[in-house]
Structure formats: structure tokens, C-alpha cells
Ligand code: OAD
């Protein structure tokens, strides 16, 4: 692993434009469970019953009670871990330019990254289904479920549910940065959900190096990634960033 960290540090130092694609695995060390794999959310609840837009529209109170309320508690209290902080440091050093994240926890921005494409939206905001007003999740009164806007409409987290489209401007910009980067770090994603999982493929086809950081191999490992550094994102990103600082 040490050799790969050194190799990745050298690749990053010589990169003209590095970007990152992140997934739930990067926030596990912040206390937020992933979706798939051991301890994953989808082991406990069926995404079609709780994370699909049709399920929300059919019974918003059920989805709020058994899914969103718990997410709110987790995300209200989550703090960036070493992996988020390292990506912020790599931006400060002028290496990482943009992060495309599938996460809705806002931890990259809290850590200090300034160009974050929130591919699946942001849980920090709710949107009223009637008047379209946005409201901050942290200020939301959840004593009444489902929570309602002053106009009487139901609030839905401003995130992409299954069955909803990716906001076109996020998709377009992600495709642009993926096809223009020279290195893409792919951190803590199973790469099972499209179109997010296509971004490394776009980067690779445009000539970029793709470096995965994950506990285990993914769909990208065999054909798309140049190499994978296996281990916890926080630990690896901290060591990688120290190595980059040493080389600069
Ligand atoms: P997943 O839960 O599918 O995958 C998490 C990945 O992180 C797995 O490959 C794990 O091996 C890896 N992992 C877990 N802990 C880790 C750690 N400490 N360090 C490094 N890697 C670790 O999460 P995503 O790929 O983000 O979409 O899932 C994509 C989308 O599926 C989510 O955005 C969400 C979900 O359904 C929507 O809700 C629309």
C-alpha cells in the first residue's frame, strides 16, 4: 500500500487538473453508514419503499418517520473526517479543482472545498412540494410529521430520490469536468448507481488516470481504474496528502 500511496502522490503532484468523485464510503468515518455492503442502509430498509419518489408521494409521513428523520439526526451532527479534510487541503495546494459528490451530507463544503458538484442534491435543504420554497433542514420542526411549509405544503429533502432525474446542470457540469481532468480520484463509491458511476468512465476515455480508494474492489477496478488503493478513506487520504506535501 505504501508504494501505491507514493505513486498516487507523484501522479497528483504532476497532474494538471485533478478532480474527485466521492460516495458514501468517504463519510463512513464521520458516522454516516453507507448504502450497500455490511452495515449498509439498504440492508435495513428497502430503497424502493423509502427512497423512491413514488413512495414519498404516496406516503410522505411513512418515509419521514422511518427514513428521513433518522437521516436528519445523523447528518445534523456529522463532521468532516480526515478524508474530507485532505481533499480540502489538496484544493488549497492547487491540486484538486472540483469534487463531484454523490453524498448529500455537505461535508466537503464544511471541510473547505469550494467547487463541489452535489450530484444527488443536498440534505441541508428542504423544498416545499407546493410553493417550491427552500428551508434549512437544521431549523426544521420535526415534531409534526410530515413537516410542512408555512403555505401548508409538505417538505421533501432537496435530494435526488430514486425515480427522479439528476439536475441537468449538475450532470452537464460533471460530464464537462470529468472529460477535462487529468486525474480522477474515486473515493468510497461502489459505482453501482448511474449516471454518477459513468463519470470515471468518461474521464478514462478522455485520457485521465483513474485512482480508486476503497475498502474493496468495485465495478470500476478491473476495466476503468488505473489502480486501487485499498483501505479506509480517512487513513489513506491523510497519508496521501502528507506525501504530496513532502513532494511539493
Ligand atoms: P455505496 O453504499 O453503494 O458504496 C459505498 C462504498 O464505499 C463501497 O464500495 C464500500 O466498499 C466503500 N467504503 C465503505 N467504507 C469505506 C471507508 N471507510 N473508506 C473507503 N471506502 C469505504 O455508496 P455510493 O456508491 O455513494 O443515491 O452509492 C451511490 C448512491 O446509491 C447514493 O448516492 C445513493 C444510493 O442509493 C441516491 O440516494 C439517489
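Computed from the coordinates by the stated procedures, all read-outs in this text should not be read as laboratory data. Note that the structure is a prediction, hence the values are computed from the model and not measured. For neighbour counting, all protein chains shown are included, and Cβ atoms are generated from backbone atoms with ideal geometry for every residue, glycine included.
Rundown of residues vs (1) closer than 24 Å to residue 178 by Cα; (2) surrounded by fewer than 23 Cβ atoms within 10 Å (Cβ to Cβ), yes/no style:
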residue: 96; (1), (2): yes, no
residue: 100; (1), (2): yes, no
residue: 103; (1), (2): yes, no
residue: 106; (1), (2): yes, yes
residue: 112; (1), (2): yes, yes
residue: 126; (1), (2): no, no
residue: 129; (1), (2): no, yes
residue: 133; (1), (2): no, yes
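The residues of segment 187-223 that are within 12 Å of the ligand (Cβ to nearest atom) and assigned to a loop (DSSP other than H, G, I, E, B), listed by number, are 188, 189, 190, 191, 192, 193, 194, 195, 215, 216, 217, 218. Every listed requirement among (1) more than 10 Å from the ligand (Cβ to nearest atom); (2) without any contact (Cβ under 8 Å) to a residue 60 or more places away in the chain; (3) surrounded by 17 or more Cβ atoms within 10 Å (Cβ to Cβ) is met by residue 184 save one, (2). The residue that is nearest to residue 58 (Cα to Cα), among those in segment 149-166 that are touching a strand residue (DSSP E or B) at 6+ places or on another chain (Cβ under 7 Å) and free of Cβ contacts under 8 Å to residues at least 24 places away in the same chain, is 149.
Taking residues in segment 67-81 that are farther than 23 Å from residue 162 by Cβ, and partners anywhere that are not in a helix (DSSP H, G or I), not one pair has Cβ atoms closer than 7 Å while being at least 6 places apart or on different chains. Filtering segment 224-248 to residues that are under 19 Å from residue 209 (Cα atoms) and not in a helix (DSSP H, G or I) leaves 224, 225, 226, 227, 228, 229, 230.
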